[in-house]
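Inspection log for the structure reproduced underneath, given as structure tokens.
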Amino acid sequence: GAVECLSTMHRPHGLMFQLVKDCTSGHRRLFKWGLVDVLERCGPEYTCRAPDADCPLLPECDGRAKQRSEPDAGHIPIADAITMKSRVSQAAWESEMLCRRPSRGHAVLPEFDPAIHVCHAVPSEHQDAASPTWYAGIDFGFRAPTVILWAALDADDNLWIADEHARAEMLLSDHIRELTDSPQRRSIPIPIWIAADPAGHQRHEQTGVSNIETMKQAGLHVQARPFPLGEGLMALRARLKPASGPPRLRIHARCTTLIESLERYHYPEDNPESMVPVKDGHDHAVDALRYLVTALDKPFTSTNSGYR
């Protein structure tokens with residue numbers, strides 16, 4: 001038998017997102033279409049380009065509706081499409097009508113755009129004077145995955161997420177080995193320091209040793225301090241979409257867990273007043289990134305004070 005699904009992918013964390021993602025493995029066949037594909041044949045009453053004003057549908061249609069024969073034409077009148085476009089936001093138009101991308105209305109980090117932030121190369125550690133500095137971020141888990149991100153910071157303060165490790169039900173010693181053996185396993189130097197989940201300071205109930213202390217015993221330099229969630233997210237947004245200048249955060253395409261998590265990390269839809277993201281599994285990789293960026297951009301400061 002067969003199951004046919006007809007829907008728009010409104011949400012990056014919904015059912016259709018997972019169905020579309022599964023198509024990349026070849027298990028399903030995906031057909032993509034939007035409003036422009038079902039427009040009626042455009043007659044002479046509409047002009048694509050005019051001295052006073054171009055057709056509002058020109059950016060999407062580009063004259064294709066005029067080239068259709070009557071049998072191949074769609075069912076949406078041109079006038080209705082123009083009216084619909086005038087009544088919705090650009091984001092809703094692209095999501096609901098063009099089906100280009102899911103709505104980011106509930107996204108925690110709507111600034112993230114795979115077309116802008118995902119890259120296929122990072123600065124090489126073998127460059128001479130321009131050799132980047134390597135850091136890492138880690139979010140601890142066991143039943144939930146432990147996520148490690150390796151990052152290169154170049155001379156222009158651009159942060160490149162070069163690789164990731166996301167595994168559940170794996171001992172901490174194995175995760176540590178991923179870090180200490182990164183030169184052999186990933187051709188990435190051992191990070192100067194690893195920004196960790198502050199909860200890693202808690203002692204294990206059986207060993208009496210915390211995760212962070214165990215990492216330090218393995219020779220790793222760990223930074224971990226409490227930092228408000230909101231301020232950490234602001235630090236991420238500042239790198240993804242600065243008020244001026246280009247983005248200062250890029251992610252290699254191989255980091256599939258982080259990329260998907262950034263797209264699907266969202267606030268609760270049934271509670272629009274909440275500023276606490278939903279913890280549905282897409283928070284772990286984002287947390288590892290947040291610890292890393294916070295440690296870089298919000299470093300420790302110290303002041304001298306005294307009593308009189």
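Quick note: the coordinates plus some simple rules give every number you see, no bench work behind them. Treat the numbers as computed from the prediction; the structure is a model and nothing was measured. Here Cβ is always computed from backbone atoms with ideal geometry, including for glycine, and neighbour counts include all displayed protein chains.
Observations
- The 3J(HN,Hα) values that the Karplus relation (6.51, -1.76, 1.60; θ = phi - 60°) gives for region 51-63 are, in residue order, x, 8, 7, 6, 4, x, 8, 4, x, 8, 7, 6, x Hz. Gly and Pro appear as x.
- Per-residue 3J(HN,Hα) values for region 38-47, derived from phi via the Karplus relation 6.51 cos²θ - 1.76 cosθ + 1.60 with θ = phi - 60°, read 10, 6, 5, 5, 7, x, x, 6, 10, 10 Hz in sequence order (x marks Gly and Pro).
- Straight-line cross-link reach from K216 at under 28 Å between alpha-carbon atoms covers these lysines, not counting any fewer than eight positions away in the same chain: K298.
- Gained length - R225 relative to D37, 0.36 nm times residue gap less alpha-carbon distance: 62.4 nm
- Overall, region 114-297 carries a charge dipole of about 220 debye about its Cα centre when +1 sits on the Cβ of Lys and Arg and -1 on the Cβ of Asp and Glu, all other atoms neutral.
- 20 °C / 1.002 mPa s Stokes-Einstein diffusion coefficient of region 114-297, Kirkwood radius on C-alpha pairs, µm²/s: 127 µm²/s
- In nm, spacing of pseudo-spin labels at R185 and R203 (7 Å Cα→C-beta vector): 2.9 nm
- Considering region 205-250, its Cα convex hull presents a mean projected area of 5.3 nm².
- Comparing mean-square fluctuations of I161, I192, I176 from a GNM of the chain with C-alpha springs under 10 Å, the top value falls on I192.
- Gaussian network model of the chain, springs between alpha carbon atoms under 10 Å - residue of A50, A92, A285 with greatest fluctuation: A50
- Max mean-square fluctuation residue, GNM over the chain, Cα-Cα springs under 10 Å, options V147, V108, V209: V209
- Virtual spin-label span in nm between S173 and D52, 7 Å along Cα→Cβ: 8.0 nm
- Cross-link reach list, lysines versus K32, counting only Cα pairs under 25 Å and skipping chain neighbours closer than eight places: K21, K66, K85
- Extended-chain gain in nm, criterion 0.36 nm per residue less alpha-carbon gap, I192 and H120: 23.5 nm
- Under a model in which nothing but the beta-carbon of Lys, Arg (+1) and Asp, Glu (-1) is charged, the chain shows a dipole of about 300 debye around its Cα centre.
- Helical contribution to [θ] at 222 nm, DSSP H n ≥ 4, -39,500 (n - 2.57), averaged over the chain, rounded to 500: -7500 deg cm²/dmol
- Counted residue by residue at 0.36 nm each, then reduced by the alpha carbon distance between them, the extension gain from D80 to D297 reaches 73.2 nm.
- Rg(Cα)/(2.2 N^0.38 Å) for the chain, N = residue count: 1.25
- Fewest-first ordering of R100, R237 by other beta carbons within 10 Å of each residue's beta carbon gives R100, R237.
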